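The next block holds one structure in the form of C-alpha cells; read it before the comments.
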Amino acid sequence: MRDRLARVYERWSGGFPDDPPLPLADIAAMTYFMADGFLVDRLIEPELSEELYTTMLGVFFRGLEAIAAHWEPSATEPSQGIR
C-alpha cells in the first residue's frame with residue numbers, strides 16, 4: 001500500500017513548483033502511519049470525527065509545502081498555537 005501511495009504522490013508532485021522536501025517513499029509511509037493510527041483510534045473512540053483525519057493530512061501537506069519552499073516563521077509573526 002505504501003508503494004502505491006508513493007506512486008500516487010509521484011504523479012501528483014509532477015506539477016509542483018518545488019521538489020518534495022523528503023523522499024516520496026517516506027511521505028507515503030508517514031501518511032500510511034497516520035491513517036493506521038487514526039483507524040485504530042476510531043475503533044477505540046467511534047465518535048471521533050472523520051474530518052479530523054482530513055484536517056490532519058491538510059496540515060501535514062501544508063507543512064511539507066512550507067518546508068519545500070524554505071519557509072521559516074519570522075520572529076515578528078505571532079504564534080497561533082494549538083487550540
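Overview of values
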item: Total residues in the stretch 18-41, condition in contact (Cβ under 8 Å) with a residue 12 or more places away in the chain and surrounded by fewer than 11 Cβ atoms within 10 Å (Cβ to Cβ); result: 1
item: Test: residue in the stretch 56-67 that is in a loop (DSSP other than H, G, I, E, B), modelled with pLDDT of 80 or more and exposed (fewer than 11 other Cβ atoms within 10 Å of the Cβ); result: no
item: Answer from Ser49, Ser74, Ser79 - the residue that is assigned to a loop (DSSP other than H, G, I, E, B), small (Gly, Ala, Ser) and modelled with pLDDT of 85 or more; result: Ser49
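The values are calculated or read from the model by the stated rules, or taken from the named source; none is laboratory data. Here the structure is a predicted model, which is why all the values come from computation and not from measurement. Glycine gets a Cβ as well: all are built from the backbone with ideal geometry, and neighbour counts include every protein chain shown.
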